[in-house]
Amino acid sequence: MVAKNKRPLIVIVGPTAAGKTSVSIALAERLNGEIVSADSRYLYRGMDIGTAKPTPAERRGIPHHLIDVADPAETWSLAVFQRQAYQVIDAIHSRAKLPMMVGGTGQYVRAIIEGWRIPPQSPDPGLRAALNHWADEIGAEAFHVRLRRLDPEAAEMMDYRNVRRVVRAMEVIFRTGERFSDLRRKQECPYTPIVLGISRPREELYQRIDQRVEIMLADGLVAEVAGLLTAGYAPDLPTMSAIGYGEIIQYLQGEVSLDEAVALIKRNTRVFVRRQANWFKPDDPQIQWFEADDEVIDRMELLIRSRLDDL
């Protein structure tokens, strides 16, 4: 029997629009795998088009986990994701299947493959309220600058528009006196991760992003966002500030034209791709990178099988 710390975990990473979904499904079919999402946007029910979530047709035949598991009004912390992911991965192994974690949310992936020991920091409502007031007063971008002065590494990994995460990092700093980035204490990963990355030339990636946004619009992105608002989800919820949703809300509220909202989605997605590169670096020795082409699935399968044979 394989020892616990030798149980494999296939991890497929890469930037938004690189092609992770189609590649991972094809590999799961060939390798008797089940897919565990490591995309923070896929957690939420009813947020399908704007997140480019795998469709029911794409998921048919291959079990997918940690998709549509939360209400948009809920907030999943990193600790909750890590705990749920461990449970799902262990259950997949118990069925003698191969777990394949797929996604572009860097914190989620690193928390699993690096065994982060996330600090048990209970919330301080008073401090959190004060920090939120501060952020409202000076604006999200200026508030992010304050975090950068205290913890450059944490700030580099966070989008300034995600005020909730920036507030959380500041809260940890003020309560513990330590940098948020230093509190990600690591322990041994309970699996043997085999990490593969999918890359494309930057200009090709940008073209795919633009095409994806146009497809989202054709598929009904505006109606999806309007439906969420009609269902009672407040526009200032953290989930509703996600790229694709916040910009369409601006349009629906008359702050920008539809063309302006679309341009913002494309621009903000490109910025997000550059931020993803901070988590998944081309020279990371833990990641075996593959250029996306017609043979990428064959080449990735070959590498996975050889690595599995070594366990």
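The overall shape of the chain is oblate: from the C-alpha gyration tensor, with semi-axes ordered a ≥ b ≥ c, the ratio a/c is 1.5 or greater and a/b is no larger than b/c. Exposure proxy shown here: for 174, 81, 272, the number of other Cβ atoms within 10 Å sets the order, fewest to most, as 174, 272, 81.
Our helix-only sum for the chain, with -39,500 (n - 2.57) per DSSP H run of n ≥ 4 divided by its residues, gives a mean residue ellipticity at 222 nm of -15500 deg cm²/dmol.
For residue 6, a cut-off of 16 angstrom between C-alpha atoms picks up these lysines, skipping any fewer than 8 places away in its own chain: 97. Between residue 288 and residue 215, the distance separating the two model label sites (each 7 Å from Cα on the Cα→Cβ line) works out to 2.8 nm.
When only Cα pairs under 8 Å and 6 or more residues apart are kept, what is the percent relative contact order across the chain? Over the chain, the number comes to 27 percent. For segment 234-302 and segment 149-167, what is the separation of their C-alpha centers, rounded to whole Å? Taking the Cα centre of segment 149-167 as reference, the centre of segment 234-302 is 17 Å away. 3J(HN,Hα) along segment 130-136: 5, 5, 5, 5, 4, 4, 5 Hz, from the Karplus curve 6.51 cos²θ - 1.76 cosθ + 1.60 with θ = phi - 60°, whole Hz, x for Gly and Pro.
Oblate is the label for segment 125-183. Its Cα gyration tensor axes, ordered a ≥ b ≥ c, give a/c of at least 1.5 and b/c at or above a/b.
Once backbone amide H atoms are built at 1.01 Å from N, residue 192 has 7, 9 as its partners under 5 Å, excluding neighbours fewer than 5 places away on the same chain. Across segment 157-174, computed HN-Hα scalar couplings (Karplus, 6.51 cos²θ - 1.76 cosθ + 1.60, θ = phi - 60°) run 8, 10, 6, 4, 6, 8, 4, 4, 5, 5, 4, 4, 5, 5, 4, 4, 4, 5 Hz from first to last residue, x flagging Gly and Pro. Here the Karplus relation 6.51 cos²θ - 1.76 cosθ + 1.60, evaluated at θ = phi - 60°, turns the backbone of segment 292-303 into coupling constants of 5, 7, 5, 9, 4, 5, 4, 5, 5, 4, 4, 5 Hz, with x for every Gly and Pro. Taking a sphere under 13 Å around the Cβ of residue 208 and counting the other residues whose Cβ falls inside, with K and R at +1 and D and E at -1, yields a net charge of +2.
Quick note: the coordinates plus some simple rules give every number you see, no bench work behind them. None of these values were measured; they are calculated from a predicted model. Quick reminder, even Gly has a Cβ in these numbers, built from the backbone with ideal geometry, and neighbours come from all protein chains shown.
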